[in-house]
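J.: The following block contains the structure, expressed as structure tokens.
The values are calculated or read from the model by the stated rules, or taken from the named source; none is laboratory data. It should be emphasised that the depicted structure is a prediction, and the values quoted were computed from it without experimental measurement. Backbone-built Cβ (ideal geometry, glycine too); neighbour counts: all protein chains shown. The area values use the complete protein model at the heavy-atom level, side chains included, leaving out ligands, DNA and RNA. Shrake-Rupley method; radii C 1.70, N 1.55, O 1.52, S 1.80 Å.
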Amino acid sequence: MDFRLSEEQQLLIDGFQKFLQRDAKPLAERFRDQLIPVSDMRSIQQAMLDFGVGTGVVEEQLGGMGVDSLTTGLLQFELSRCSPDLAVTALIQNIVGKLIRYVPEGKKQSYVDDVLAVRRFGCVGMSEPDAGSQITAVRCRAVEDGDDYVINGEKMWISNGGYSDFIFLLARFNDDPVGGLGLILVERTDGYQTSDISKMGLNSQSTAQVSFEDVRVPKSNLMIAPGQAMKTLLISLAGYRPLVSLMALGVAQASLDASVRYAQERTQHGKPIAGHQLISAKIGEMATKIEAGKLLAFQALSQVDRDERSDISAAMSKWYGTEVACDVVSEAMQIHGGNGITTEYPIEYMYRAVRPFMVTEGTNEIQKLSIGRALTGIDAFG
Ligand SMILES: Cc1cc2nc3c(=O)[nH]c(=O)nc-3n(C[C@H](O)[C@H](O)[C@H](O)COP(=O)(O)OP(=O)(O)OC[C@H]3O[C@@H](n4cnc5c(N)ncnc54)[C@H](O)[C@@H]3O)c2cc1C
């Protein structure tokens, strides 16, 4: 195994770090805990395209850059280290970019052009108020009516929902729990409504409830037919669990960076607190946890890039990386003492921002059950 970045990746990351400090950090600080308006979000996401962030994933045959999963992971880690909110929006653009090949032919080119240029924001709607870990419980229904489908139902927790011009919607076309689910393109102009959800963190980007009330879309908008959708989505989305892990670890890295500086500068009992063994040991543990989490994610992403089986390492990476990231940020808060819980310092923001990553993209409990099922061949979900 070779753990070195290529010269090209190193140059990319160096340039991206400079860009983030100059352009992204001021925006993230200006909108701390407030929703970044769609026009500002669009501009910053457009600027990041040069580095291959977001829709950089779109394959070269469609006009994109075809950025590989491992490089995407390196970029998402750095972006989240600067702003987890911007990283979430970029991740969803990335998922949309990955699925854009399924947009029906008549509309595909205009979607590819607009998504590549971030003229349109998309989102992916799978979860519902009563269908989270159990995706087969999806109730949002598409009913045939002449040349159209009429859609009714609710989607929940939809990242970029409030920004979205369109949604790739997982809907129920018949009662077969898995075989009845299909993916369909619905445009904002077709009439879906969004309402942003107020959360403990990550409020600078949109997470929305999306409602469909007799929303009529042409049958030709069907992207992945019922029966094919779940399998296709599972394969297409294989690389996203390690990316979420790296985003959580990016926040953890930022909290470690701040803790190292703080421990060097803050003096108690006659010396910098870094000189007290318990603080020094905390820093050692934090750095090791981040490194271990990154290696698991890199392994999973390398498997995705080589088209190898990646489900087990992706699940390991997702639960382990997000869990140690939360531990690390909690220790960073402890190192900062009283200052850690104030809004003068960045740690309390990170503490609130990192926690949702243990839930999203499949909860950590579900990841562990998936690993157990893969190893034993026995399903313990029910
Ligand atoms: C910030 C954020 C962004 C998100 N973005 C999107 C998005 O863009 N699109 C989208 O479709 N969804 C999105 N989600 C939804 C996310 O995928 C779900 O929250 C997740 O799948 C969990 O579903 P739930 O919240 O309904 O929890 P539930 O499934 O109700 O789980 C509740 C608890 O029960 C546990 N549990 C459930 N089943 C089992 C079992 N069989 N055995 C043991 N424990 C179990 C879970 O681990 C959890 O601890 C997002 C969520 C968050 C927090």
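J.: Only residues that are open to solvent by 10 Å² or more (accessible area, probe 1.4 Å) and either in a strand (DSSP E or B) or small (Gly, Ala, Ser) (or both): list them for region 153-172, please.
T.: 153, 154, 156, 157, 159, 162, 172
J.: For region 182-206, which positions are under 14 Å from residue 124 (Cα atoms) and either open to solvent by less than 10 Å² (accessible area, probe 1.4 Å) or not β-branched (Val, Ile, Thr) (or both)?
T.: If the condition is that a residue be under 14 Å from residue 124 (Cα atoms) and either open to solvent by less than 10 Å² (accessible area, probe 1.4 Å) or not β-branched (Val, Ile, Thr) (or both), then 182, 183, 184, 185, 186, 187, 188, 192, 206 are the ones that fit.
J.: Any residue at all in region 205-219 that is touching a strand residue (DSSP E or B) at 6+ places or on another chain (Cβ under 6 Å) and of a type in the set (Phe, Trp, Tyr)?
T.: Yes, some residue in region 205-219 is touching a strand residue (DSSP E or B) at 6+ places or on another chain (Cβ under 6 Å) and of a type in the set (Phe, Trp, Tyr).
J.: Closer than 27 Å to residue 302 by Cα and open to solvent by 20 Å² or more (accessible area, probe 1.4 Å) - does that describe any residue in region 103-114?
T.: no
J.: Please go through (1) small (Gly, Ala, Ser); (2) surrounded by fewer than 24 Cβ atoms within 10 Å (Cβ to Cβ); (3) within 27 Å of residue 217 (Cα to Cα) for residue 43 and return the number of the only condition it doesn't satisfy.
T.: Condition (3) is where residue 43 drops out.
J.: Further question on the same structure: Is it the case, given these coordinates, that residue 116 is more than 21 Å from residue 215 (Cβ to Cβ) and in contact with a strand residue (DSSP E or B) (Cβ under 8 Å, 6 or more places away or on another chain)?
T.: Against the criterion (more than 21 Å from residue 215 (Cβ to Cβ) and in contact with a strand residue (DSSP E or B) (Cβ under 8 Å, 6 or more places away or on another chain)), residue 116 does not qualify.
J.: Could you grab me the full set of residues in region 343-382 that are within 25 Å of residue 257 (Cα to Cα), out of contact with any helix residue (DSSP H, G or I) (no Cβ under 7 Å at 6 or more places or on another chain) and either more than 9 Å from the ligand (Cβ to nearest atom) or acidic (Asp, Glu) (or both)?
T.: 343, 344, 349, 352
J.: Checking the structure you have, find out if any residue of region 39-60 is at pLDDT 95 or above, of a type in the set (Ser, Thr, Tyr) and more than 24 Å from residue 360 (Cβ to Cβ).
T.: Scanning region 39-60, I find at least one residue that is at pLDDT 95 or above, of a type in the set (Ser, Thr, Tyr) and more than 24 Å from residue 360 (Cβ to Cβ), so the answer is yes.
J.: Return the only residue of 48, 65 being in contact with a Gly (Cβ under 7 Å, 6 or more places away or on another chain), surrounded by 13 or more Cβ atoms within 10 Å (Cβ to Cβ) and more than 24 Å from residue 254 (Cα to Cα).
T.: Answer to the selection: 65.
J.: Ok, one more. Taking residue 203 and the conditions (1) part of a helix (DSSP H, G or I); (2) in contact with an Asp or Glu (Cβ under 8 Å, 6 or more places away or on another chain); (3) farther than 25 Å from residue 137 by Cβ, which numbered condition does it fall short on, given that it satisfies the others?
T.: Every condition holds for residue 203 apart from (1).
To keep it simple, each residue is scored yes or no on (1) under 28 Å from residue 346 (Cα atoms); (2) charged (D, E, K, R).
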position	(1), (2)
4	no, yes
26	yes, no
41	yes, no
51	yes, no
66	no, no
96	no, no
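J.: Given 334, 303, which one is under 20 Å from residue 71 (Cα atoms), at pLDDT 95 or above and open to solvent by 10 Å² or more (accessible area, probe 1.4 Å)? I'd like the intermediate steps shown before the answer.
T.: Details: 334 fails: under 20 Å from residue 71 (Cα atoms).
Exactly one residue qualifies, and that residue is 303.
Okay, residues lined up against (1) within 14 Å of the ligand (Cβ to nearest atom); (2) at pLDDT 95 or above; (3) crowded, with 23+ Cβ neighbours inside 10 Å:
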position: 73; (1), (2), (3): no, yes, yes
position: 77; (1), (2), (3): no, yes, yes
position: 83; (1), (2), (3): no, yes, yes
position: 91; (1), (2), (3): yes, yes, yes
position: 96; (1), (2), (3): yes, yes, yes
position: 99; (1), (2), (3): yes, yes, no
position: 124; (1), (2), (3): yes, yes, yes
position: 131; (1), (2), (3): yes, yes, no
position: 146; (1), (2), (3): no, yes, no
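J.: Which residue pairs have Cβ atoms closer than 9 Å, lie 6 or more positions apart in sequence or on different chains, and pair a first residue in region 3-27 that is assigned to a helix (DSSP H, G or I) with a second residue that is open to solvent by 60 Å² or more (accessible area, probe 1.4 Å)?
T.: 10/4; 12/5; 13/5; 15/50; 17/81; 19/50; 20/81; 27/43
J.: Another question, then. Which condition from (1) within 11 Å of the ligand (Cβ to nearest atom); (2) open to solvent by 50 Å² or more (accessible area, probe 1.4 Å); (3) in contact with a Gly (Cβ under 9 Å, 6 or more places away or on another chain) is the one that residue 141 breaks?
T.: Tallying (1) within 11 Å of the ligand (Cβ to nearest atom); (2) open to solvent by 50 Å² or more (accessible area, probe 1.4 Å); (3) in contact with a Gly (Cβ under 9 Å, 6 or more places away or on another chain), residue 141 fails exactly one: (1).
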